[in-house]
1. Out of segment 114-129, which residues are assigned to a loop (DSSP other than H, G, I, E, B) and farther than 20 Å from Asp160 by Cα?
2. Quick one: which residue in Val132, Val107 is β-branched (Val, Ile, Thr), open to solvent by less than 50 Å² (accessible area, probe 1.4 Å), in a helix (DSSP H, G or I) and in contact (Cβ under 8 Å) with a residue 60 or more places away in the chain?
3. Please verify whether segment 49-71 includes one or more residues that are out of contact with any Gly (no Cβ under 8 Å at 6 or more places or on another chain), closer than 20 Å to Ile131 by Cβ, open to solvent by 10 Å² or more (accessible area, probe 1.4 Å) and of a type in the set (Gly, Ala, Ser).
4. Being out of contact with any Ser or Thr (no Cβ under 7 Å at 6 or more places or on another chain) and not hydrophobic (A, V, I, L, M, F, W, C) is the filter here; which residues of segment 194-220 pass it?
5. Any residue that is without any contact (Cβ under 8 Å) to a residue 40 or more places away in the chain and open to solvent by 10 Å² or more (accessible area, probe 1.4 Å) - is there at least one of those in segment 115-129?
6. Inside segment 178-188, can you point out the residues that are touching a Gly at 6+ places or on another chain (Cβ under 9 Å) and either open to solvent by 80 Å² or more (accessible area, probe 1.4 Å) or outside any helix (DSSP H, G or I) (or both)?
7. Considering only residues that are open to solvent by 100 Å² or more (accessible area, probe 1.4 Å) and among the polar types (S, T, N, Q), which ones fall in segment 252-278?
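The values are calculated or read from the model by the stated rules, or taken from the named source; none is laboratory data. Predicted model, so just to flag it, every value in this text is computed and none were measured. Methodologically, a virtual Cβ is constructed for each residue, glycine included, from the backbone with ideal geometry; neighbour enumeration extends over all protein chains shown. Remember, those area values only see protein heavy atoms, side chains included, never the ligands or the DNA or RNA. Shrake-Rupley method; radii C 1.70, N 1.55, O 1.52, S 1.80 Å.
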Amino acid sequence: MSKPANPVTLPLADYSPKHFLLAVVDRVATVTLNRPERKNPLTFDSYRELTDFFRACAMDDEVKTIVVTGAGGNFSSGGDVFEIIGPLIQMDTKGLTAFTRMTGDLVKAMRACPQPIVAAVEGICAGAGAIVAMASDLRLAATGAKVAFLFNKVGLAGCDMGACAILPRIIGQSRASELLYTGRFMTAEEGEKWGFFSRIVTPETVLAQAQLLATQIAAGPTFANTMTKRMLAMEWAMSVEEAIEAEAVAQALCMTTEDFGRAFEAFSNKRTPVFEGN
């Protein structure tokens, strides 16, 4: 765990990651986990570089949305058994706590990232891979995709990287409990029925559909979209009364943007607004 991460440089369109692929097209950044021969497992270094990448996204105004996917027909098999789990057996409590905090930092970075994140899930999506999908803002599934929070299968608790806080809010307490206690795979059909996935599409189109959705969101009002993401996260810890007040302040701020004026002008002239992100 002592190796330094690859420093993320701006603009992200010119950045060359070491531990995943990155392409920025039409204001959409596509992150591809790229170890297809092993179903795209995560390593100590890829955890760090992904975390640094999502933190850097806050400083790149040219990237409006992010798509996360995996190469070779699978999303991610989770933490690499040989490169992560093996070394963990040799660590002391201090080292293990540093590791679990580092993995949690990836979820924190994804949630703090101002850009909406769309996960395109195909094939196996397990362990930490399932967490990455869970931490995304929207998820599309390919037919045959399977999601499992496998932690108890390796003798660990289901409370990993925020799973016990986030998953019940997506699919409900009882369903989340079943998945976290058993470690079983959730099918794409179950995931769509339970609200984990927005919809199911063919494996051949899942990435294109996720990028299309990301492009549609990127064309919207950037400041307002960021505010929506912030409110969706912050209001978990608010009463309804507090949430209504917070939304009043957030919406008033959005009304000060030029995009709000552009929308009114376009509506008045029966045109579709073209948002510029300010």
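1. Taking segment 114-129 as the starting set, the residues that turn out to be assigned to a loop (DSSP other than H, G, I, E, B) are 114-116, 122-123, 127.
Of everything in segment 114-129, those that are assigned to a loop (DSSP other than H, G, I, E, B) and farther than 20 Å from Asp160 by Cα turn out to be Pro114, Gln115, Pro116, Glu122, Gly123.
2. Working: Val107 fails: in contact (Cβ under 8 Å) with a residue 60 or more places away in the chain.
Selected residue: Val132, the only one of Val132, Val107 that is β-branched (Val, Ile, Thr), open to solvent by less than 50 Å² (accessible area, probe 1.4 Å), in a helix (DSSP H, G or I) and in contact (Cβ under 8 Å) with a residue 60 or more places away in the chain.
3. Yes, that holds for at least one residue.
4. Gly195, Ser198, Arg199, Glu204, Thr205, Gln209, Thr215, Gln216, Gly220 - these are the residues of segment 194-220 that are out of contact with any Ser or Thr (no Cβ under 7 Å at 6 or more places or on another chain) and not hydrophobic (A, V, I, L, M, F, W, C).
5. Step one: filter segment 115-129 for residues without any contact (Cβ under 8 Å) to a residue 40 or more places away in the chain, giving none.
Taking every residue of segment 115-129 in turn, none turns out to be without any contact (Cβ under 8 Å) to a residue 40 or more places away in the chain and open to solvent by 10 Å² or more (accessible area, probe 1.4 Å).
6. Once the filter is applied, which keeps residues that are touching a Gly at 6+ places or on another chain (Cβ under 9 Å) and either open to solvent by 80 Å² or more (accessible area, probe 1.4 Å) or outside any helix (DSSP H, G or I) (or both), segment 178-188 yields Tyr181, Gly183, Thr187.
7. First, pick out the residues of segment 252-278 that are open to solvent by 100 Å² or more (accessible area, probe 1.4 Å): 255-256, 258, 260, 264-265, 267, 270-272, 274, 276.
Once the filter is applied, which keeps residues that are open to solvent by 100 Å² or more (accessible area, probe 1.4 Å) and among the polar types (S, T, N, Q), segment 252-278 yields Thr256, Thr272.
Matching residues to (1) surrounded by fewer than 15 Cβ atoms within 10 Å (Cβ to Cβ); (2) without any contact (Cβ under 8 Å) to a residue 60 or more places away in the chain; (3) farther than 26 Å from Gly72 by Cα; (4) of a type in the set (Lys, Arg):
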{"site": "Gln173", "(1), (2), (3), (4)": "yes, yes, yes, no"}
{"site": "Glu190", "(1), (2), (3), (4)": "no, yes, no, no"}
{"site": "Glu204", "(1), (2), (3), (4)": "yes, yes, no, no"}
{"site": "Leu207", "(1), (2), (3), (4)": "no, no, no, no"}
